[in-house]
Each structure stands twice: as C-alpha cells, then as structure tokens.
Amino acid sequence: MPRKQYAIIGIGRFGSSIAKTLSEMGFDVLAIDSDEHRIQEVSKIVTQAVTADSTDEEALRSLGLRNFDVVVVAIGEDIQSSILTTLILKEMDIPTILVKAQNELHGKVLTRIGADKVIFPERDMGVRVAHHLTSPNVLDYIEISEEYSIVEMKASEAMIGSNLKELDIRVRYSCNVMAIKRGNQMNIAPSPDERLKPDDILVIVGQKNDLLKMELGLEE
C-alpha cells in the first residue's frame, strides 16, 4: 500500500510544526511557501520544499498537487491568499483540504468554499493535527513532557471484541492504557480482560516514538 502524501502550504511556525511531525512519522511531505528563507530551513526535514506563490493556479498545478492525499493550507495572516488558495485547491479536486483560520468569520468563509476541516491554531497545535491526519482514530494528542504524551484513541473495528491482554499494547508498543472511556463513564486502570466495545475510547500514555508506532500499528 503506497504511503500517503501530504503538502503543507505556508511554512510558518504552525505549518513547519505539521511538516516536521509528518516527516518524523515517515510520510512524504511537500512544503510550499513564497518565502525562500523558510523553504531553505524546512528543506532539511521534508521530502521536497518549493518556493511558490500558492495563489498562482498554474504554479500549484505544476507541482502535481492533484496527486496528494491531503493539502494543509497554513498561510499566516494573509486571509485573502488563504481563501484564494483554498478555492484553487478545491477546483483541483484535492481529496482532503485542511485550512488554518485566523478567526471565526474566516473559518465560516473557508467552510462555505469547501474546506474539509478548518483549523484554529489556538485550539489545534501542529503536532496534534499531524496525528489526526495520519491516524483517523486519534481524537486527541497531549504532550505532557519532551518525551511523553497522552493519546485518546477510538477503538478501531479491528480492536472491537478483543481484550487488553490480547491487544498486548504494553508489550508490543511499550505504551500503557490508563483508562477506557465508554459514553459518560471512565474506567480507570481497566482490567486486562476488559473487552472493547464500539465507540470505546482508550486513553494511552507512552514515549512519543512508541505512541507513533502504536498509532500506525493499530490502524493497520
């Protein structure tokens, strides 16, 4: 199965955070920005980095963006460029378009013109967005230190019916299931014999690299 390809347009702090995290997770990442200095900086960590004007339709088409699974528009304060870029991408039939919004009004406009998801940086860190992109079952990702994070992960279809002993998350991925959310109830320190049900949410803690392996492994 081919690896997903991601394009990030706008390499400020937010965009570079997403690009860096996706690259560390082993995905192909194309970084696009009109600032050559930013592109030079990010070129060391992504698959490809290109200086281009994202409001130039011909420039975007020449980069082959139609072949990418997800495009993230992380343009800074230039709301007009953000909207125009989103419109161009929509016309190119990109499968999934995520766009950073400056405020609620900007977000409403982006939704109306076809953005699949609108991101508010004050609510969505770049790292968290990258985890959502690559692991659809990851509902939240919280960094608790430089080394450790907590993931809230919806039980996938493959996990439903299995118990924690059978999933063996601690041995396979060196991560610990702290709790299981089931509706309004929270089961702290669940029994190894606890079988997962549809819509269960696992709260898992571990080192960041181990969590990445777990997310990707449990998605398969």
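The table for this structure:
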read-out: Rounded tilt (10° steps) of 208-219 against the dominant C-alpha axis of the chain; value: 80
read-out: Charge-dipole axis of the chain as Lys and Arg at +1 and Asp and Glu at -1 on Cβ define it, positive-most pick from 51, 74, 188; value: 188
read-out: Label-point gap, in nm, between residue 172 and residue 197 - each point 7 angstrom along Cα→Cβ; value: 2.3
read-out: Beta bridge orientation in the chain: antiparallel %, DSSP, nearest 5; value: 50
read-out: Size of electric dipole in region 124-217: Cβ of Lys, Arg +1 and of Asp, Glu -1, about Cα centre, debye, nearest 20; value: 200
read-out: Near-label residues of region 1-22 by backbone N, under 14 Å of a point 7 Å along Cα→Cβ of residue 158; value: 1
read-out: Sum of -39500 (n - 2.57) over DSSP H runs of 4+, divided by residues of the chain (222 nm, nearest 500); value: -9500 deg cm²/dmol
read-out: Alpha-carbon centroids, region 36-97 and region 155-220: separation in whole Å; value: 36
read-out: Amide hydrogen neighbours beyond the local backbone of residue 70, cut-off 5 Å, H modeled; value: 5, 7
read-out: Net dipole in debye of the chain [+1 Lys, Arg Cβ; -1 Asp, Glu Cβ; about Cα centre; nearest 20]; value: 480
read-out: Principal-axis tilt of helix 13-24 within the chain, Cα atoms, nearest 10 degrees; value: 60
read-out: Extended-chain gain in nm, criterion 0.36 nm per residue less alpha-carbon gap, residue 13 and residue 111; value: 33.0 nm
read-out: Long-range amide H partners of residue 28 with built H, under 5 Å; value: 6
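We did not get these values from a lab; they are worked out from the coordinates using the rules stated. Bear in mind the structure is a predicted one, so any value in this text is a computation, not a measurement. A quick note on method: Cβ atoms are made from the backbone with ideal geometry, for glycine too, and the neighbour counts reach across all protein chains shown.
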